[in-house]
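Participant: Have a look at the structure that comes next, please.
The values are calculated or read from the model by the stated rules, or taken from the named source; none is laboratory data. None of these values were measured; they are calculated from a predicted model. Quick reminder, even Gly has a Cβ in these numbers, built from the backbone with ideal geometry, and neighbours come from all protein chains shown.
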């Protein structure tokens with residue numbers, strides 16, 4: 001059983017709601033977790049506030065040493081955490097290991113940031129000695145999501161700690177146990193007790209309670225646009241700053257003369273990574289008309305080789321979805337694509353399995369008004385469409401309220417980069433697949449988010465430039 005953690009102590013189950021943890025590959029409970037109540041949320045906020053008084057005064061270079069120690073401890077626990085991610089989230093074990101490798105890298109990177117960043121500087125002139133100190137804003141609410149349960153916690157916890165802030169984590173109810181294990185590992189370090197706390201349970205009520213608590217000064221969330229809108233509104237009412245990494249509907253432009261098989265294999269591998277449950281996944285794949293059909297066939301051939309199954313079983317290359325609602329959403333998107341005249345390249349029936357499985361599906365000639373083009377798919381469906389005019393397809397790519405990531409592939413690097421420069425997205429990958437790196441800023445424009453994760457910009461999210469103007 002997994003428990004809320006406040007002041008480095010697990011809260012007892014007595015008197016609190018207990019919910020099952022369900023393995024999505026088997027649709028069977030394998031453990032349980034204890035839900036926090038509203039008083040627990042208050043206690044977590046007050047505990048983080050007390051710890052902030054100590055941690056915020058620790059010099060940045062000493063904070064760096066603590067973060068380095070956390071990175072070492074997380075690295076030692078990575079295999080155990082990866083197995084837990086696979087059990088409760090479903091992704092293949094190798095993908096869970098990759099997630100944990102990224103988490104270790106986050107703590108290492110933000111240890112370096114705490115060690116090397118400039119947290120204080122002076123501005124001469126104006127008849128005063130003016131000192132600007134970058135001071136931590138206060139306790140931070142971190143709300144995780146289920147597709148990368150440990151990564152979406154660490155990507156906010158690590159820079160917040162580097163800045164000198166303390167944290168209350170609200171774990172996602174589909175994947176709370178791996179986050180609980182991460183918090184336990186973090187609390188084995190030399191952080192002041194209560195620096196990182198964990199609650200889980202009735203998410204909307206707990207988040208609203210934490211946002212209203214006067215001790216909490218910042219909220220960081222990775223997840224859907226709809227939830228992000230609600231949280232941003234609540235933060236606005238409290239004049240609370242927030243960092244939001246929200247959804248994407250990433251367009252892809254494949255330029256004439258591309259290596260069809262190579263590009264198809266690359267894009268479809270990213271499309272089906274984590275069963276398509278990735279906010280930066282290629283979503284609207286536009287291929288020049290001369291190569292569209294060949295690209296679609298190559299995409300289908302790649303998808304046919306995917307091995308669907310329990311992520312804990314060797315040889316599985318794609319696991320289940322998070323819950324039955326996601327499965328039903330995929331069926332709806334596939335049916336809509338067919339109804340609107342799309343060409344089915346791969347559209348086989350769902351496997352007769354007990355878990356939340358949805359098969360890989362590939363559609364060509366998909367119109368822009370199909371659900372798979374109009375909204376984020378977040379599942380194992382690839383939607384491909386032809387285009388004739390480059391200017392016109394760039395306009396269609398930008399005609400979207402989301403702006404997280406985008407992709408351009410083409411034989412001429414300069415031309416591909418010129419196209420990338422015209423796309424309205426927070427990051428664009430050109431002739432490769434990575435749109436987010438931990439050492440540089442990553443975020444969305446339009447309704448895809450506020451603020452950044454990654455690099456020094458991520459630490460700046462949790463700092464305020466305080467001025468002290470003294471008589472010279």
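Participant: Quick one: count up the residues across the range 112-135 that are out of contact with any strand residue (DSSP E or B) (no Cβ under 6 Å at 6 or more places or on another chain) and closer than 27 Å to residue 243 by Cβ.
Facilitator: 7
Participant: Now a separate question. Which count do you get for residues in the range 457-469 that are buried (at least 18 other Cβ atoms within 10 Å of the Cβ) and outside any strand (DSSP E or B)?
Facilitator: Count: 5.
Participant: Looking at the range 291-302, can you tell me whether even one residue there is within 18 Å of residue 427 (Cβ to Cβ) and either part of a helix (DSSP H, G or I) or in contact with a strand residue (DSSP E or B) (Cβ under 8 Å, 6 or more places away or on another chain) (or both)? Don't jump to the end; show me each part of the working.
Facilitator: At the first step, the residues of the range 291-302 found to be within 18 Å of residue 427 (Cβ to Cβ) are none.
Within the range 291-302 (the criterion being within 18 Å of residue 427 (Cβ to Cβ) and either part of a helix (DSSP H, G or I) or in contact with a strand residue (DSSP E or B) (Cβ under 8 Å, 6 or more places away or on another chain) (or both)), the answer is no, since none of the residues qualifies.
Participant: Given the options 199, 169, name the one that is under 18 Å from the mean Cα position of the chain (by Cα), touching a residue at least 12 places away in the same chain (Cβ under 8 Å) and either within 15 Å of residue 69 (Cα to Cα) or surrounded by 21 or more Cβ atoms within 10 Å (Cβ to Cβ) (or both).
Facilitator: Result: 169 is the single residue among 199, 169 that is under 18 Å from the mean Cα position of the chain (by Cα), touching a residue at least 12 places away in the same chain (Cβ under 8 Å) and either within 15 Å of residue 69 (Cα to Cα) or surrounded by 21 or more Cβ atoms within 10 Å (Cβ to Cβ) (or both).
Participant: Hey, another quick one. Looking only at residues that are touching a residue at least 40 places away in the same chain (Cβ under 8 Å) and under 20 Å from residue 456 (Cβ atoms) in the range 110-130, which one is farthest from the chain's Cα centre (by Cα)?
Facilitator: 119
Participant: I would also like to ask the following. Taking the stated definitions as given, is residue 271 closer than 19 Å to residue 433 by Cβ, touching a residue at least 40 places away in the same chain (Cβ under 8 Å) and in contact with a strand residue (DSSP E or B) (Cβ under 6 Å, 6 or more places away or on another chain)?
Facilitator: So residue 271 fits the description; yes.
Participant: Filter the range 1-33 down to the residues that are within 20 Å of residue 194 (Cα to Cα) and out of contact with any strand residue (DSSP E or B) (no Cβ under 6 Å at 6 or more places or on another chain) and list them by number.
Facilitator: Answer for the range 1-33, where residues must be within 20 Å of residue 194 (Cα to Cα) and out of contact with any strand residue (DSSP E or B) (no Cβ under 6 Å at 6 or more places or on another chain): 7, 8, 9, 10, 11, 12.
Participant: Regarding residue 15, is this residue assigned by TED's automatic domain parsing to the domain that holds residue 119, at positive phi and in contact (Cβ under 8 Å) with a residue 40 or more places away in the chain?
Facilitator: Working: assigned by TED's automatic domain parsing to the domain that holds residue 119: yes; at positive phi: yes; in contact (Cβ under 8 Å) with a residue 40 or more places away in the chain: no.
Answer is no for this residue.
Participant: Among the candidates 312, 303, 382, 350, which residue alone is touching a residue at least 12 places away in the same chain (Cβ under 8 Å) and under 30 Å from residue 445 (Cβ atoms)?
Facilitator: Going through 312, 303, 382, 350 in turn, just one is touching a residue at least 12 places away in the same chain (Cβ under 8 Å) and under 30 Å from residue 445 (Cβ atoms): 382.
Participant: Residue 283: at pLDDT 95 or above, under 22 Å from residue 359 (Cβ atoms), in contact with a helix residue (DSSP H, G or I) (Cβ under 7 Å, 6 or more places away or on another chain) and not assigned by TED's automatic domain parsing to the domain that holds residue 165, yes or no?
Facilitator: On the way: at pLDDT 95 or above: yes; under 22 Å from residue 359 (Cβ atoms): yes; in contact with a helix residue (DSSP H, G or I) (Cβ under 7 Å, 6 or more places away or on another chain): no; not assigned by TED's automatic domain parsing to the domain that holds residue 165: yes.
Spelling it out, it is not the case that residue 283 is at pLDDT 95 or above, under 22 Å from residue 359 (Cβ atoms), in contact with a helix residue (DSSP H, G or I) (Cβ under 7 Å, 6 or more places away or on another chain) and not assigned by TED's automatic domain parsing to the domain that holds residue 165.
Participant: Is there any pair with a first residue in the range 206-222 that is at positive phi and surrounded by fewer than 21 Cβ atoms within 10 Å (Cβ to Cβ) and a second that is outside any loop (DSSP other than H, G, I, E, B) and modelled with pLDDT under 95 whose Cβ atoms are under 7 Å apart and which are 6 or more apart or on different chains, and what are they?
Facilitator: none
Participant: Still on this structure, please answer the following. So, in the range 300-319, exactly how many residues are under 20 Å from residue 377 (Cα atoms) and either touching a helix residue (DSSP H, G or I) at 6+ places or on another chain (Cβ under 7 Å) or outside the structural domain of residue 358 (by TED's automatic domain parsing) (or both)?
Facilitator: Total meeting the criteria: 4.
Participant: Name the residue that is surrounded by the most Cβ atoms within 10 Å (Cβ to Cβ), counting only residues in the range 8-36 that are under 26 Å from the mean Cα position of the chain (by Cα) and not in a strand (DSSP E or B).
Facilitator: This residue is 24.
Participant: Hey, can you tell me all the residues within the range 313-324 that are crowded, with 20+ Cβ neighbours inside 10 Å and modelled with pLDDT under 95? Working first, answer last.
Facilitator: Here is the first cut: in the range 313-324, the ones crowded, with 20+ Cβ neighbours inside 10 Å are 316, 318-322.
Residue satisfying the conditions is 322 alone.
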